[in-house]
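Following: one structure in structure tokens, then a few remarks.
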Amino acid sequence: MNYNNLAFLLLCISALTICSCSKTYLSPVGEFNYDKTPSPPDYSNELYWSELPNTEDMADLTPPGLSDNQADSEADVFFMYPTIYVGEKGEDQWNAPVNDPTFNKRVDESTIKFQASIFNGAGKVYVPRYRQAHLNAYWAKDKAMAKKVFDLAYRDLKLAFEYYLENYNKGRPIIIASHSQGTTHGIRLLKDYFDGKPLQDQLVAAYLVGIPVAKKQYQNIPVCESADQTGCFCTWRTFKDGYKPETTVSPDIAVTNPLTWRTTDELAPKELNTGGVLRNFNKVKKKLTSAPIVAAKGILWASKPRFFGSIFFTRKNYHIADYNFYYNNVRENAIQRVNAFLQGS
């Protein structure tokens, strides 16, 4: 079964903004037409990167008590962000622009600040802007057309990754990290550049979060089974404990517990949660939520988090918080894996 193409519809796919799923979004107008797509990015120009280690960006931020360690890091992180192009005013084309200041600001102040920043403790963070697919491409009836939309987005990320390899990497260890649509593309990137390829020797780990990934997705890259394993991938999708989604569930889908970094069916109590981050980004909230795995369905359950206003947080699909709930655990683990990789090299 090809989980890459499952229409796992995440109605509020932005990873950081708790939005109203009842909001009416614009749909793309007409069929996909390559000649009418936004101008392509030029990755030799820093303006087409949301984050570079030598520039001041949202991924440099940390909540109080944590620090940006990019300057001293011996590893790199290539991060691919989720769907932010959801059909707000002016967003009626199939692919997002990369030179729209308003849209780029939304990207930077959401997923880059709250997700990509996780990894500034483990490596130098690189985040390319790309002509990502409109949210509606996930459930477009014309699957052949939708594939063209996603292929265009992936082509940008491939070009960005190749530019990164040629101009920035210099043989350093690499973490691949992604969320949601970023993971849709990250799955392909890992296959095309790492799985059984020479570059696999530089892979610290991949965090492919928010989209179903098959346990046997790769011939040479296994699912991570421990906190310090390297050359492997981690993946999870978070739902409220007790909730059983009707789609995209299977024991063949890999799921990693971000509190224990194991793949076994066991309760990971909230005491293991070293800190999640909420919308104000002003502190790391310990014991935010627990995290048991439901292996038979390939999903991660989480207890409802407690915070001011959480009484209004009634959703059962916690996709928007796949990283936020476990912010510090992921951060610590990325550092741990980099250290293990360097000690073993």
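The values are calculated or read from the model by the stated rules, or taken from the named source; none is laboratory data. Bear in mind that the values here come from a model prediction, so they are computed numbers and not experimental data. A quick note on method: Cβ atoms are made from the backbone with ideal geometry, for glycine too, and the neighbour counts reach across all protein chains shown.
Residues in region 203-212 include none that are surrounded by fewer than 20 Cβ atoms within 10 Å (Cβ to Cβ) and at negative phi. Among the residues of region 219-242, those identified as in contact with a Cys (Cβ under 6 Å, 6 or more places away or on another chain) and assigned to a loop (DSSP other than H, G, I, E, B) are PRO222, CYS224. Of the residues making up region 169-192, those that are surrounded by fewer than 16 Cβ atoms within 10 Å (Cβ to Cβ) and either part of a helix (DSSP H, G or I) or without any contact (Cβ under 8 Å) to a residue 24 or more places away in the chain (or both) are LYS170, ASP192. All conditions in (1) at pLDDT below 95; (2) surrounded by fewer than 19 Cβ atoms within 10 Å (Cβ to Cβ); (3) over 17 Å from the mean Cα position of the chain (by Cα); (4) assigned to a loop (DSSP other than H, G, I, E, B) hold for THR17, with the sole exception of (3).
Of everything in region 282-291 that's surrounded by fewer than 18 Cβ atoms within 10 Å (Cβ to Cβ) and at pLDDT 90 or above, which residue is nearest to ASP60 (Cα to Cα)? So, considering only residues that are surrounded by fewer than 18 Cβ atoms within 10 Å (Cβ to Cβ) and at pLDDT 90 or above, the one nearest to ASP60 (Cα to Cα) is LYS286. Scanning region 66-105 for residues that are aromatic (Phe, Trp, Tyr) and crowded, with 22+ Cβ neighbours inside 10 Å returns PHE78, PHE79, TYR81, TYR85, TRP94. Please work out which residue is surrounded by the most Cβ atoms within 10 Å (Cβ to Cβ), limiting yourself to region 20-53 and to residues that are at pLDDT below 95 and not in a loop (DSSP other than H, G, I, E, B). Per the stated criteria, the residue is LYS36. Selection of region 276-302 for residues being under 19 Å from the mean Cα position of the chain (by Cα), over 23 Å from THR230 (Cα atoms) and outside any strand (DSSP E or B) yields VAL277, LEU278, ARG279, PHE281. Taking region 257-271 only, how many residues are in contact with a Leu (Cβ under 9 Å, 6 or more places away or on another chain) and in a loop (DSSP other than H, G, I, E, B)? Adding up the residues that qualify gives 6.
Residues that are in contact with a helix residue (DSSP H, G or I) (Cβ under 6 Å, 6 or more places away or on another chain) and farther than 19 Å from PRO251 by Cα within region 202-226 comprise VAL204, ALA205, ALA206, listed in sequence order. Just one of the listed residues (PRO305, PRO245, PRO251) is in contact (Cβ under 8 Å) with a residue 60 or more places away in the chain and not in a strand (DSSP E or B), namely PRO245.
Residues that are of a type in the set (Phe, Trp, Tyr), touching a residue at least 60 places away in the same chain (Cβ under 8 Å) and closer than 28 Å to ALA146 by Cβ are absent from region 101-110 altogether. Count of region 108-149 residues, restricted to those that are surrounded by 24 or more Cβ atoms within 10 Å (Cβ to Cβ), under 16 Å from the mean Cα position of the chain (by Cα) and under 23 Å from LYS89 (Cα atoms), is 7. Only a single criterion out of (1) at pLDDT below 95; (2) within 23 Å of ALA205 (Cβ to Cβ); (3) more than 16 Å from the chain's Cα centre (by Cα) is not satisfied by ALA321, namely (3).
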